[in-house]
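Scroll down for the structure; my scribbles are underneath it.
The values are calculated or read from the model by the stated rules, or taken from the named source; none is laboratory data. Owing to the predicted nature of the structure, the values given are computational and were not obtained by experimental measurement. Here the Cβ positions follow ideal geometry from the backbone for every residue, glycine too, while neighbour counts run over all protein chains shown. Side chains included, ligands, DNA and RNA excluded: accessible areas come from the protein's heavy atoms. Shrake-Rupley method; radii C 1.70, N 1.55, O 1.52, S 1.80 Å.
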Number of protein chains: 2
Amino acid sequence: MKKDLEFVLQQQKEIMLLAGTGALLEWDRETYMPKQGIMNRAEQAAIVSRLVHEKVVSEKFYGALKRLVKPRTLRKLSAMHQFIVKRAFKDVRKARKLPPEFVAEMARTTALANHAWVEAKQKNRFRLFAPHLKKIVELKRRQAKLIGLEGHPYNSLLDGFEEGMTVEKLRKTFSYLKAELLKLLEEIKQSKKFREQGKKLFRKKFPVEKQKKLCRLAYGLILPAAESRLDVSAHPFTTTIGRHDVRITTRYHEENPFFSLSATVHESGHALYELQLPKQFEHTFIFDAPSLGVHESQSLFWENMVLMNEGFWDYFYQRFCKEVREELKGLSRKEVLEKLNEVKPSFIRVDADEVTYPLHVILRFELELGLIEGKIKVNDLPKLWNRKMKQYLGITPGKDSEGVLQDTHWSIGHIGYFPTYALGAIYAVQLYKRLLKEMPSARKQIANGNFEPVKGWLHKKVHCHGRKFTAEEIIWKATGKNLDSEGFVSYLREKYSKIYGLK
Amino acid sequence: MKKDLEFVLQQQKEIMLLAGTGALLEWDRETYMPKQGIMNRAEQAAIVSRLVHEKVVSEKFYGALKRLVKPRTLRKLSAMHQFIVKRAFKDVRKARKLPPEFVAEMARTTALANHAWVEAKQKNRFRLFAPHLKKIVELKRRQAKLIGLEGHPYNSLLDGFEEGMTVEKLRKTFSYLKAELLKLLEEIKQSKKFREQGKKLFRKKFPVEKQKKLCRLAYGLILPAAESRLDVSAHPFTTTIGRHDVRITTRYHEENPFFSLSATVHESGHALYELQLPKQFEHTFIFDAPSLGVHESQSLFWENMVLMNEGFWDYFYQRFCKEVREELKGLSRKEVLEKLNEVKPSFIRVDADEVTYPLHVILRFELELGLIEGKIKVNDLPKLWNRKMKQYLGITPGKDSEGVLQDTHWSIGHIGYFPTYALGAIYAVQLYKRLLKEMPSARKQIANGNFEPVKGWLHKKVHCHGRKFTAEEIIWKATGKNLDSEGFVSYLREKYSKIYGLK
């Protein structure tokens, strides 16, 4: 038993160290790698991820875990080791359901597909990507069978990103959300404020150097510099190289200072989660979040609940003005905050506001379901996409690069991922409401630039559990509620009724 | 046979990809890693280098190579595959002479020793480092026995850095060099110019931002930006992540603009070698230099032969002035060049000029020989060091951190490495003399800022061979001479006689 446990811990440690190495290969590719390093980098990443996979599914690892999870052996372990062993056993058993040939085929297919997607998006030609997506959908349908969870085949894909979540639960949540958000959006569109918004303009250009200072300031409020970095990449992301080495990136648009700031704060929320995971779980499979939905709840907590709220601007507005006073052309704190909270249907998901964002997700969820069920053909996607955009947001993208081709997810085989964005938004609201109940001073602390109490609260409620519990368990423990879409809708209605003067 | 060859090529490819991954882990540690990432990084680097080592010494790899090198099999292979197989067989056989326990012990010992050395240097206390160095010397003596080359035990250590080089050859070269350089140095010291040098001073500060521009300019003359990077680290270095991804670093000293510039050009020379290795050798053991001496010949070619010569300043002086005109306080092109070529005995090897540099190396070589022969005790090193410094350079370091503790090499187990620096200096002169003979226009090309012909020549003479031949073979092919210390001395004598007005 002792030997098995030692091996299992050592194996997890090696897997986690190699995974962190793989993360560095990716981080570097997106930030500092010389352009021509790309082919070599792809091969380096492939070999590291193959080594990780081989270690995860190895007979020896599985054998040791199988012996350890036997009830009579398991109960002799410490509580923490029990969690670790059970978690690893579950992960390994699932990973072993996919034969090595399948994993290799998926890797090859997505490598080509991603390449094709980049070109298709650039050239705005869906048909360059379509054959690759067909292949991916086929593989994903096969994967669903191989994983073989109960209920809808999509459940087996969803489970890879949001363990325990099902189509049945999502359909209920999303149909409610869709109806409510469409209603709210309609009311907003009818308001005088909506018709007038966008009239008060900034200057056209916010120099990148000034934006950098602002982002660095915001980042410094949330993350410790000795354990993190802020860099630039085409698409903002967070990555964990090790327990004390978590890195975020942002992107600067000269015409919009809020994009870089929102991205910085969003990724800082992800990174804070990683940095506040319990240190005693380091180098094990429970040194992680339980799901992408919960992870997103942390980024959106900081982006939507903190950055887009009054308290933050009480603290930040003067500092903001110090850098970009001229560019602001006299916009007041209230006006800046309103600008940040503008609701406006847009083609691009990552540019969407709080109200329309879930509709972007629901649209994708519905199309993915159709693809996996075999009811939707890949070739029909552009048409269906545009039809749904018109139906939900009232706008029709002029080109596929701003429509069906906008996201990278499908090209890398991530079907079943999008719903986690909406779950994160709901969880974030639940957590924020709970925070205000348990710590009424939170807003004031933020207004004073003291983020420590809020960080401590998030640690106690979410981060400290690592991956010991499921997403639903953690949210229930933290907020006393399951996924609360009613609470989410009432939060949006309250907030935006005030902003848009709705009845 | 075909299967063996395929396996051997695939195994080498995986080894090289993982080695490049290890290089990225190190590069990142020295440049961008958040401070607290250090412990995790050490573990990541250890596991990657263990995986590389396991692959190198694996039975399967050795078995396949053994079958392939049999003359009857070997001659059926293409010429290139013959080189690759023979090279890999030799490397693997040598690597397998060190048992895994020995490799692990060396890794543990040097990890601790390097840590101790950093502290010892900081606190200027040799005795903090001494016990670690004793252990390393013991291990190195064991390693020499395990490798077991003919002749002096030091040969087996030297061979790891400069294959084929021996104590017997070095003693001859170094005793000649020592006598000649001491004589030349003495003459220089007696000159009027020497007594007066350093009187004409720059300003005290050259802003780092200006130095950065100058370094970027020099770097851009030698290296292609799409395949390389220039960053900052405490100690300048070059590292190869992949065929099209070679990175260099430099360091900025506000009071001395030549340090960063020399380091940049020096490392650019190393990097150019790596970038100009023949692409058909990629992912094999012959995609490399044959020795550190030859590698150093390339960095010193650019640093000593190009940067410190008139042609370069014909091109660069105006550009230099554009950035630092004020700081130069009116120094002419000739005066700048003289400044760059000042001979002045100094405590620190990396600050040394062309004339005294080999004396720093010879001092270390003599001490290393004594340690490996068991004739010198670690505890006596500081005393012996200072005595030799006085004897060779006429100065005595005031503290060990500027004496015996200055270099990191011994702390990481690199005994037998220093001589390669002097070999590089000699080879660089040989190559430069040959270049001027074969391409009399080279100086003019450089003066015009056109470095392509020189780069092409180096490729044809040195880089294109990769590791197909030994260092001596490559130098002989390129220059028609073996290691030419007489030519080196006559070059120095001629150059510095002119500068210092010697007879």
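Some points to look at:
- The set of residues in segment A:207-246 that are farther than 24 Å from A:E323 by Cβ, under 20 Å from the mean Cα position of the chain (by Cα) and at pLDDT 95 or above comprises A:F237, A:T238, A:T239, A:T240, A:I241, A:G242, A:R243, A:D245, A:V246.
- Residue match in segment A:283-298 (condition: free of Cβ contacts under 8 Å to residues at least 12 places away in the same chain and open to solvent by 20 Å² or more (accessible area, probe 1.4 Å)): no
- A Cβ distance below 9 Å, combined with a sequence gap of six or more or placement on separate chains, defines the contacts here; from segment B:487-503, residues that are among the β-branched types (V, I, T) reach residues that are open to solvent by 30 Å² or more (accessible area, probe 1.4 Å) and part of a helix (DSSP H, G or I) in the pairs B:V489/B:Y176; B:V489/B:E180; B:I499/B:K193; B:I499/B:E338.
- Tallying residues that are within 20 Å of B:D91 (Cα to Cα) and in contact (Cβ under 8 Å) with a residue 40 or more places away in the chain within segment B:3-48 yields 14.
- Only helices (runs of 4 or more DSSP H) whose full extent lies in segment A:400-503 are considered here, and the ones with at least 3 residues that are open to solvent by less than 20 Å² (accessible area, probe 1.4 Å) are A:419-438, A:452-461, A:471-479, A:485-500.
- Among the residues making up segment A:245-282, a single one is open to solvent by less than 20 Å² (accessible area, probe 1.4 Å), touching a Ser or Thr at 6+ places or on another chain (Cβ under 6 Å), outside any strand (DSSP E or B) and within 14 Å of chain B (Cβ to nearest Cβ): A:A271.
- Just one of the numbered conditions (1) within 14 Å of chain B (Cβ to nearest Cβ); (2) in a helix (DSSP H, G or I); (3) in contact (Cβ under 8 Å) with a residue 12 or more places away in the chain is not true of A:L217: (1).
- Scanning segment A:227-244 for residues that are more than 8 Å from every other protein chain (Cβ to nearest Cβ), open to solvent by 30 Å² or more (accessible area, probe 1.4 Å) and closer than 21 Å to A:P34 by Cβ yields A:V232, A:A234, A:H235, A:F237.
- Among (1) closer than 24 Å to B:H235 by Cβ; (2) not in a helix (DSSP H, G or I), the one test that B:K375 misses: (1)
- With respect to (1) surrounded by fewer than 18 Cβ atoms within 10 Å (Cβ to Cβ); (2) over 25 Å from the mean Cα position of the chain (by Cα); (3) at pLDDT 95 or above, the lone exception for B:F61 is condition (1).
- When residues of segment A:302-348 are limited to those that are closer than 20 Å to A:L431 by Cα and in contact with a Gly (Cβ under 7 Å, 6 or more places away or on another chain), the one most open to solvent (accessible area, probe 1.4 Å): A:E303
- Every residue from segment A:31-53 that is polar (S, T, N, Q) and either more than 7 Å from every other protein chain (Cβ to nearest Cβ) or within 22 Å of the chain's Cα centre (by Cα) (or both): A:T31, A:S49
- Residue within segment A:12-30 that is under 20 Å from A:D288 (Cα atoms) and more than 14 Å from every other protein chain (Cβ to nearest Cβ) present: no
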